[in-house]
1. Lysine pairs in the chain with Cα distance under 19 Å, only those 8 or more apart or on different chains: how many are there?
2. Could you state the principal axis extents of the C-alpha atoms in the chain, from the largest down, to the nearest angstrom?
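Please treat every number below as a calculation from the coordinates, not as lab data. Keep in mind the model is a prediction, meaning the values are calculated, not measured.
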Amino acid sequence: MFGHHPVWVNIDLPTKRYVLHRECTYTNRICETPYKGVGRLKRDGGWIRFRNAEIAMKRLKEEYDQFECSIHCK
Ligand SMILES: [Zn+2]
């Protein structure tokens, strides 16, 4: 998990969830919606790309301390 592979994080603000993905059916279908951004956060959050899982976890601790974190796919 904590390798050198880039990860996507689905940051969901209403439910306070922080979900890590590497590659799966969800990441293959990422697209911007009115309330969810790609590469930026909108009202309900968004999909953010990180260079690796360690950096994503660091961001979680720094900015999303209250969020429930889970790993969707490794
Ligand atoms: Zn996934």
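1. Numbers: 16/36; 16/42; 16/58; 16/61; 58/74.
The number of close lysine pairs in the chain is 5.
2. So the three principal-axis extents are 32, 28, 17 Å.
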